[in-house]
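K.L.:
Supplied in structure tokens, the structure appears directly below.
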Amino acid sequence: MIDLHSGAAVLRVDPDAGGRVGRLAVDGLDLLVDGNGPDTDWGCFVMAPWAGRIRRGRFTFAGAQHHLPTDVSPPHAIHGTVLDRRCSVVRATEASAVLERSLGGRWPWSGRVRQTVSLGEDHATFRVEVHADDQPFPAATGWHPWFRRRLARGGPAEIGLDASAMLVRDGDGIPSGERVPVPAGPWDDCFDGVRWPVTLTWPRAFRLEVRADTRYVVVYDQPEHAVCVEPQTGPPDALNLEPVVVTPDRPLTAAMTWSWAELTDAPA
């Protein structure tokens with residue numbers, strides 16, 4: 001484990017669990033769901049070289065069809081190949097860490113993901129880079145944080161989201177390409193044209209702002225215990241719908257910042 005410290009904030013990174021952020025606590029208040037469930041259901045992990053689902057685990061690139069593993073969430077491939085892949089630690093200090101791992105044998109090409117995490121007293125910054133070693137390939141990337149619906153004090157989390165459209169899901173639960181105005185939640189959906197930040201407010205306790213340089217965000221707020229706000233460079237099924245081509249001299253990059261403030265109790 002790598003524990004980063006800054007002021008009253010502690011952030012824990014687990015190299016053996018894909019470089020996952022397993023804990024973020026501010027003044028003793030834990031914000032993330034802990035690791036008592038499946039690998040896809042806790043902490044905050046990097047999704048690469050795709051984010052979300054790929055329809056039936058199939059996509060075509062340069063005239064060839066490729067098949068991805070669908071064992072985690074059949075019948076689709078989900079969340080990439082690195083969320084549970086052990087990382088090597090490139091560098092670690094009291095308040096930052098750089099980790100790297102290969103894309104693994106489940107991906108048709110040779111490549112690697114570099115991840116940088118830094119902690120300040122009132123914010124954390126994240127950067128991911130998807131690199132191709134020798135041949136180009138299509139990619140998307142992003143993060144999947146699981147924030148607690150309820151903290152140790154205050155009310156349940158409330159989401160503030162401003163986006164230009166929601167992507168309609170078809171019978172497979174995959175975006176069809178159609179876009180509609182953003183409806184009222186709850187959601188398990190992808191949103192286009194996000195106007196950052198997306199906010200999470202736990203009344204009388206805590207406020208967190210999520211900012212990213214990505215066009216898309218997936219919001220999943222249907223579970224009773226958690227809320228997910230997932231910045232992504234492409235929508236679900238991006239390898240078919242909107243792939244970005246990574247080359248040895250042009251990685252795919254994304255950046256995200258969480259900033260926060262504790263809220264005082266409302267006067268009686």
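K.L.:
With a 10 Å Cβ neighbour count serving as the proxy for reagent exposure, in which order, fewest first, do Asp192, Asp162 appear?
P.N.:
Numbers: Asp192 16, Asp162 13.
The most exposed by this proxy come first: Asp162, Asp192.
K.L.:
Which GluC sites (Glu not before Pro) from the range 57-131 combine a DSSP loop assignment with at most 15 other Cβ atoms within 10 Å? If you can, show how the numbers build up before the last one.
P.N.:
On the way: sites: Glu94, Glu100, Glu121, Glu129; in loops: Glu94, Glu121.
Loop-located and lightly packed - Glu94, Glu121.
K.L.:
Restricting to Cα pairs below 8 Å that are 6+ residues apart, what does the relative contact order work out to for the chain? Please round to a whole percent.
P.N.:
Dividing the mean separation by the residue count of the chain yields 19 percent.
K.L.:
For the range 131-268, take N as its residue count and report Rg(C-alpha) divided by 2.2 N^0.38 Å.
P.N.:
Working: Rg = 16.9 Å, N = 138, 2.2 N^0.38 = 14.3 Å.
Working it through for the range 131-268, the quotient is 1.18.
K.L.:
For the chain, what does the helix formula give at 222 nm: sum of -39500 (n - 2.57) over DSSP H segments with n ≥ 4, over the residue count, nearest 500 deg cm²/dmol? Walk me through the numbers before you get to the answer.
P.N.:
Details: 1 runs with 4 residues, N = 268.
It lands at 0 deg cm²/dmol.
K.L.:
Let me ask something else about it. Please work out the Kirkwood hydrodynamic radius for the range 2-262, using every pair of different C-alpha atoms, and report it in angstroms with one decimal place. Display every interim value, and only then the final one.
P.N.:
Details: mean 1/r = 0.0542 Å⁻¹.
Taking every pair of different Cα atoms in the range 2-262, averaging 1/r and inverting gives 18.5 Å.
K.L.:
Just to confirm the filter: which trypsin sites (Lys or Arg not before Pro) across the range 165-240 are DSSP coil and have at most 15 other Cβ within 10 angstrom of their Cβ? Present the calculation step by step, with values, prior to reporting the outcome.
P.N.:
On the way: sites: Arg169, Arg179, Arg195, Arg204, Arg207, Arg211, Arg215; in loops: Arg195, Arg204, Arg215.
Here the trypsin sites (Lys or Arg not before Pro) that fit, given the DSSP loop and packing criteria, are Arg195, Arg204.
K.L.:
Related question: Compute the distance from the alpha-carbon center of the range 102-137 to that of the range 1-71, in whole Å.
P.N.:
Using only Cα atoms to place each centre, the spacing works out to 12 Å.
A short reminder: the numbers here are calculations on the coordinates, not readings from a lab. The shown structure was predicted, so the numbers you read here are calculated from the model rather than taken from an experiment. Cβ atoms come from the backbone with ideal geometry, glycine included; neighbour counts cover every protein chain shown.
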